[in-house]
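S.K.: This is the structure I have questions about; it appears just below.
The values are calculated or read from the model by the stated rules, or taken from the named source; none is laboratory data. All values derive from a computational prediction rather than experimental measurement. Cβ atoms come from the backbone with ideal geometry, glycine included; neighbour counts cover every protein chain shown. When the accessible area is computed, the model is the full protein with side chains, heavy atoms only, and any ligands, DNA or RNA have been set aside. Shrake-Rupley method; radii C 1.70, N 1.55, O 1.52, S 1.80 Å.
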Amino acid sequence: MKYRLCYEKKDSLIFISQLDLQGVFQRAFRRAKVQLEYTQGFHPHPKMTYSPPLALYVASKEEYLDVALEGEQDEKEIFAKISAVLPRDLILRSVEALDENSPSLPSFLIWADYEIVLRGEALSEDVAKEIEGYVLNSSEILIQKKNKKKQIVTKDLRPLIESFAAKVVDGEIVINASLSLLNDTLLSPVLLTNTIKERVPSANHLITKSIVKVGTHK
Amino acid sequence: MRIFSFKTKFSDIIKLMNRINITPTQIKDTLYTQILPEVFKPARYTGGEIGSKIPKEDTEVRFAFTFPDTYEVGMSHMGLKIMYCLLNEMQGVTCERAFAPWEDMAKLMRQYNIPLYGLESFTPLINFDFVGFSIQYEMCITNVLYMLDLAGIPFRSSERNDFDYPLIIAGGPCTVNPEPFCDIFDIIIIGEGEVVTPKLIEIYKEYKGRTKEEYLKAIMNIEGVYIPSFYSVDENNSRTALVEGAPLEIKRTYIPDMNEVYYPEDTLVPFIETVHDRVMIEIMRGCPRGCRFCQAGFIYRPVRQKRLDLLKKQIDDQLTSSGYEEISLSSLSTTDYMACTDAISYIMEEYDNDKVSISLPSLRIDSFSLGLVDSIQKGRTIPLTFAPEAGSQRMRDIINKNVTEEDILSTMRQAFENGFTKIKLYFMMGLPYETDEDVLAIAELMQKIVDIYFELKLRPKDLSLSISVACFVPKPHTPFEFFAQDSKEEFDRKQRLLIENVNRKVRLTYHDSSLSVLEAAFAKGGRNLNDVIITAYEKGCYFDSWGDYYKEDMWKEAFSAHGLDFAVLAKREYDYEEVTPWDFVDIGVSKKFLVREAKKAEQQKTTKNCYEACSDCGINKDGGKCNFEI
């Protein structure tokens, strides 16, 4: 039986990569004595699927994990058992049983909202306006990036940004941006932040992914 | 008011004051927003793992367990996991952890004025009551200074007046010769720390508010406790007590019954992969074999085995509380644990559903061991690792490695027949009485193994045969403590000789000869090395055992700055009657026995293992024999 877990990742856990997080969850299931279903064969693996990997240093209020468990189990019971054994900065928000009609993870994870906070000297309303204008008024935002074959390619970030707003709150610039979450066009908020920070080099930043939105790409 | 040494610059004092005044919250905030996003593997520096403890609100005594190597190495150490849980179970005591930060982290910590802190609460180490270093190998000692430096704590015990600074303690196997680094520490624990450390803390509670000297006097007669500042030592290693009643001989402390040894119910589970990332359960302390080069084989005597029912409970506790997918049964010689097969079948049966795999370190070269590995494979291809240690039978007799060539070859044949293709063998060179023929015998033995492989009609594909040849380092409290080490030039010549003669199918790795010579100088050194270590650190030596970080020239300079040469120190021989720098440490085994074993080595005579016959090593002082029933 398959279940969908929604969890929050924050504080010390933002320094844990997606790969290490898989180990954290597998061990949590064993501690909770919630029996995982494994693939057959010589090298059995638990059947687990995660939402698109979150970049390092990004906190998230909504991440997903689909997992196959042995037999049918009560959602509330799974929730209680797993919650009790997770590290303190990994918080389970819900457990939901899946059936054939449930949408797969990639089919509904389209856009995500992020809050990007820039901290530093002289971050005025004018700077916020300038950043917002730069992103919204550019027809393309080109960056150089190494691909998996280590070749340098040019990538346009603009179509991957659905919305973008920057304002000053308590001397910090708070950016709310909605970025693509689709597998092949995923935009890392770290990449966007680094591009923006070329305009405010002295600032440092904190990023939180707040919510995943159902929708379609334009 | 803290007291600074004359060398302290005014700017450093200001920095230090800032460091002490910085709050844990400020440290955490600076780490999260400024430092950690810039460093490699930031999870090394945040804590919060499963099994980590939240500091108690009513903490009376803060203890920092400090490991002078990286997070990944330190978190693989079983002693840390045991002591961490043990101390945190004590009322009013909080134990935190600190590891040596990698240099990218250290650079940013200095830039932002962040002192070294405990991972649990981000409290600066300088504000702890105890800072306890685990000295697992000689060359980690500069990392102790590196960590003290980052913590803003003066290096020498004599520079740390009263309780202004934490008490700096050392423990771990290297303390069986504590002299080369004794000036750094206020207290050195020799032997097993589980019983003595809580005693030190309890007495400390009573002495808070009094002087450091009064406290040290109160603990100086506890078994296993050594207070270096209470003695003066002359050039003949003759000792004088400077404090009335300080014992001239320090007894190693150990727990006679393995079933009485504290073992935690839960364990630390790191978020990132460490060197030994699994549940580790001790099945036995000590080793019955008595290989003459092996320090562990003497300093952990007598052999003490854990009862099977207790072992099963500990396996259950640790696997359930950690959720780990792998477990290792740890000892110096796995198959010498008498309930070894039972323990393995227990894990295989009980934890099959959870896909828990087993790893077995320290296996002997015999068909029984091979059978065990075969039984735990479960579709994985486990690399086989064995240690014949020497190539010729003559040499194996000299070192008392009771393995015959026939054992080795038949085990290898059986291994190939059973489909094992990844095989790694460990050897040493530079052993006492070694000739070039003995070195070449390693190549000959490997040739025989290669021949066996190709003789087989149904041989497994993709043979990967590798050997690691270490440079022998004579260690204190072994029968070889009296011997000189080979020179760097001899090691290099023998390494070349082997490279030219070993079959090309065999992948050969060997140790840095210069680092091994330095290691020998420290293993057998005396008090005069304290100054050398501090000079070496000031010149820029740390992480010495991390390949590229070893700076031979700087070490040479540091020795010559104090009129010494480590190549000469490593070649120092001791007569059987002569007093060594470590003779005042009574590890339990008698010097008479070590001399007897050294003489037998010369005659190429072997000694039976403890199970077969008692060799009267002296560990059982009542004259009785050890009891090996479990």
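S.K.: Residues of the range A:24-44 being within 9 Å of chain B (Cβ to nearest Cβ) and either open to solvent by less than 50 Å² (accessible area, probe 1.4 Å) or not in a loop (DSSP other than H, G, I, E, B) (or both), which ones?
M.R.: The answer is A:24, A:26, A:27, A:28, A:29, A:30, A:31, A:32, A:36, A:38, A:44.
S.K.: Check A:174, A:135 and return the single one that is outside the structural domain of residue A:59 (by TED's automatic domain parsing), closer than 24 Å to residue B:35 by Cα and of a type in the set (A, V, I, L, M, F, W, C).
M.R.: So the residue among A:174, A:135 that is outside the structural domain of residue A:59 (by TED's automatic domain parsing), closer than 24 Å to residue B:35 by Cα and of a type in the set (A, V, I, L, M, F, W, C) is A:174.
S.K.: OK, next. From the list A:200, A:174, A:117, which one is in a loop (DSSP other than H, G, I, E, B) and under 22 Å from residue A:58 (Cβ atoms)?
M.R.: Criteria check complete, one pass: A:200.
S.K.: If I go through the range B:306-325 residue by residue, how many of them are open to solvent by 20 Å² or more (accessible area, probe 1.4 Å) and more than 14 Å from chain A (Cβ to nearest Cβ)?
M.R.: Number of matching residues: 6.
S.K.: With the condition being out of contact with any Gly (no Cβ under 9 Å at 6 or more places or on another chain) and of a type outside the set (A, V, I, L, M), I'd like the helices (runs of 4 or more DSSP H) fully within the range B:261-359 carrying at least 2 qualifying residues.
M.R.: B:308-322, B:340-350
S.K.: Can you give me the number of residues within the range A:48-71 that are of a type in the set (D, E, K, R), open to solvent by less than 10 Å² (accessible area, probe 1.4 Å) and within 14 Å of another protein chain (Cβ to nearest Cβ)?
M.R.: Adding up the residues that qualify gives 0.
S.K.: Select, from B:569, B:529, B:564, the only residue that is among the hydrophobic types (A, V, I, L, M, F, W, C), in contact (Cβ under 8 Å) with a residue 24 or more places away in the chain, touching a helix residue (DSSP H, G or I) at 6+ places or on another chain (Cβ under 8 Å) and surrounded by fewer than 20 Cβ atoms within 10 Å (Cβ to Cβ).
M.R.: After ruling out the rest, the residue left standing is B:564.
S.K.: So residue B:400 clears everything in (1) assigned to a loop (DSSP other than H, G, I, E, B); (2) without any contact (Cβ under 8 Å) to a residue 24 or more places away in the chain; (3) within 29 Å of the chain's Cα centre (by Cα) except one condition, right? Which one?
M.R.: Of (1) assigned to a loop (DSSP other than H, G, I, E, B); (2) without any contact (Cβ under 8 Å) to a residue 24 or more places away in the chain; (3) within 29 Å of the chain's Cα centre (by Cα), only one is false for residue B:400: (2).
S.K.: Residue B:582 is checked against (1) closer than 25 Å to residue B:427 by Cα; (2) within 19 Å of the chain's Cα centre (by Cα); (3) open to solvent by less than 10 Å² (accessible area, probe 1.4 Å); (4) not small (Gly, Ala, Ser) and fails just one. What number does that condition carry?
M.R.: Answer for residue B:582: the failing condition is (1).
S.K.: State all residues of the range A:94-120 that are open to solvent by 10 Å² or more (accessible area, probe 1.4 Å) and within 14 Å of chain B (Cβ to nearest Cβ); if no residue qualifies, say none.
M.R.: A:117, A:119, A:120
S.K.: Suppose we filter the range A:1-23 for residues that are within 11 Å of chain B (Cβ to nearest Cβ), buried (at least 21 other Cβ atoms within 10 Å of the Cβ) and out of contact with any helix residue (DSSP H, G or I) (no Cβ under 7 Å at 6 or more places or on another chain); how many remain?
M.R.: The number of residues fulfilling the criteria is 3.
S.K.: Then there's this: Which condition does residue A:91 not pass, out of (1) open to solvent by 70 Å² or more (accessible area, probe 1.4 Å); (2) assigned by TED's automatic domain parsing to the domain that holds residue A:29, if it passes all the others?
M.R.: So the condition that residue A:91 fails would be (1).
S.K.: Which one of B:543, B:480 is aromatic (Phe, Trp, Tyr) and crowded, with 23+ Cβ neighbours inside 10 Å?
M.R.: B:480
S.K.: In addition: Any idea how many residues of the range B:118-137 are within 9 Å of residue B:96 (Cβ to Cβ) and assigned to a helix (DSSP H, G or I)?
M.R.: 1
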